[in-house]
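Below: one structure, written as structure tokens.
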């Protein structure tokens with residue numbers, strides 16, 4: 001059995017000489033919603049003082065019609081915006097849905113990128129950044145899979161926080177499974193992830209927790225360190241998937257070995 005140290009070492013070895021490519025790909029995936037989301041968020045708030053609209057990016061508000069905002073100096077514009085709030089909300093929902101779908105596709109493609117990064121059979125050359133955009137033909141499956149995971153985690157969270165956390169770990173391998181077996185349905189991929197993670201949830205938690213020191217250092221750099229930390233953690237998690245699925249030597253043209261390798265691990 002491999003441990004957090006082993007997965008981190010595999011990630012470091014895979015990233016050696018490829019840090020630039022991994023950082024650029026990670027930034028693209030993040031901006032498109034395929035990693036930690038920093039996309040735009042439309043907010044509608046109703047308070048005692050009235051309604052106001054806000055736009056936030058990365059959790060930071062960059063525009064609002066609230067009276068305390070800079071747009072106080074444009075009361076006419078603020079009034080017009082509030083008057084068409086329904087239209088803005090509808091547009092926001094549409095944009096949010098499209099961003100969600102795009103993010104689900106990029107998430108699976110980015111998972112494929114990281115699998116190629118750590119695969120021994122692929123380490124003689126750089127992984128193809130283009131695989132990040134290679135799953136648009138499966139957008140329905142990726143979107144449904146992401147939606148189902150969100151719903152399931154939310155429902156489990158209603159029972160208290162811990163069941164929701166456990167559920168999130170149970171579904172954590174879904175994106176990697178879809179990256180290698182896009183012909184599966186969303187439900188089938190989620191079920192496979194649950195089976196694969198049975199007995200391995202704690203191991204994934206320990207792997208993620210082992211990066212806590214680097215996360216603290218990244219925070220001290222105002223988040224700039226995350227440009228390198230995120231590819232590091234993603235590569236280590238891809239190595240973790242390879243180990244628990246028994247597919248270490250599955251290459252681009254050898255995906256038929258997935259079922260055989262997985263059956264040995266469960």
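What follows draws every value from the coordinates through simple rules; no lab data is involved. None of these values were measured; they are calculated from a predicted model. Here Cβ is always computed from backbone atoms with ideal geometry, including for glycine, and neighbour counts include all displayed protein chains.
Applying 1/(1 + (r/R0)^6) with R0 = 22 Å to the Cβ-Cβ distance of residue 90 and residue 129 gives a FRET efficiency near 0.05.
Placing dummy labels 7 Å off each Cα toward the beta-carbon, the span from residue 99 to residue 209 is 3.3 nm. Could you tell me the center-to-center distance, by alpha carbons, between region 168-235 and region 91-148 in angstrom? Centre-to-centre (Cα) distance: 14 Å.
Of 133, 113, 240, 209, the sequence from fewest to most neighbouring Cβ atoms within 10 angstrom is 209, 133, 240, 113.
Quick one: grab the alpha carbon gyration tensor of region 97-218, order the square roots of its eigenvalues as a ≥ b ≥ c, and give me rounded if a/c is under 1.5, else prolate or oblate depending on whether a/b is larger than b/c. Oblate.
By the compact-protein rule of thumb, 2.2 N^0.38 Å, the alpha-carbon radius of gyration of region 199-248 corresponds to a ratio of 1.28.
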